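Working notes, beginning with the structure itself.
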Amino acid sequence: MPVYMTPEAIKKLREDLHHARTVQRPKISQDIADARAHGDLSENAEYDAAKDAQGKLEARIAQMEATLGDARVLDEQKVDHTKAYILSTVRVRNLKTDSEHFFKLVSAPEADLSRGLISITSPIGKGLLGRSVGEQAVIDAPAGQIFMEILEISREGA
């Protein structure tokens, strides 16, 4: 399944993958070798911790490789901004609290809620996708339903 990403996000993911392979992987290998030097592996907490870290890193590397394999560069200039789609910045009003929020809809690897970047696969992202200015969306969030009205859709940053 394709993962649509900006060129900047693909570049950052490649850099993160390179760092994991060339810096983190050799460090963990050295940690395992150092722990082995301490003797009996059956009661060696350092060895167990290093092997656990190695497993997590290898899973992370595999996930980054898979994402890059599925990555497709998305040209923001070709995205229809009359409706909320990936790379749209959407200004919404929470109809219950009457508060306004800006969200930029992005692919899952680019999501960062603290910067207003929400994944199109998140509950809010799914609820906003394909909607136009003036439409209302019912978002099925883990905390319950959220009712939002779309006030504006643009290509501007979140």
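Observations on the model:
- Across segment 88-121, the qualifying residues are those that are assigned to a strand (DSSP E or B) and among the acidic types (Asp, Glu), and the one among them that is farthest from Glu152 (Cα to Cα) is Asp112.
- Taking the conditions (1) within 29 Å of Glu8 (Cα to Cα); (2) touching a His at 6+ places or on another chain (Cβ under 8 Å); (3) modelled with pLDDT of 90 or more in turn, Ser154 satisfies each one other than (3).
- Pair list, Cβ < 7 Å and 6+ apart or interchain, from segment 1-18 residues that are without any contact (Cβ under 8 Å) to a residue 60 or more places away in the chain to residues that are open to solvent by 20 Å² or more (accessible area, probe 1.4 Å): Arg14/Leu68; Leu17/Glu65; Leu17/Leu68
- Scan of segment 40-81 for residues that are within 30 Å of Ile146 (Cα to Cα) and either surrounded by 12 or more Cβ atoms within 10 Å (Cβ to Cβ) or at pLDDT 85 or above (or both), ordered by number: Leu74, Glu76, Val79, His81
- Among the residues of segment 105-149, those identified as of a type in the set (Ser, Thr, Tyr) and open to solvent by 70 Å² or more (accessible area, probe 1.4 Å) are Ser114, Thr121.
The values are calculated or read from the model by the stated rules, or taken from the named source; none is laboratory data. The model shown is predicted, which means the values in this text are computed figures rather than measured ones. Reconstructed Cβ throughout: ideal geometry from the backbone, glycine too, with neighbour counts over all protein chains shown. For the accessible areas, the whole protein counts, side chains as well, though only heavy atoms, and no ligand, DNA or RNA atoms are used. Shrake-Rupley method; radii C 1.70, N 1.55, O 1.52, S 1.80 Å.
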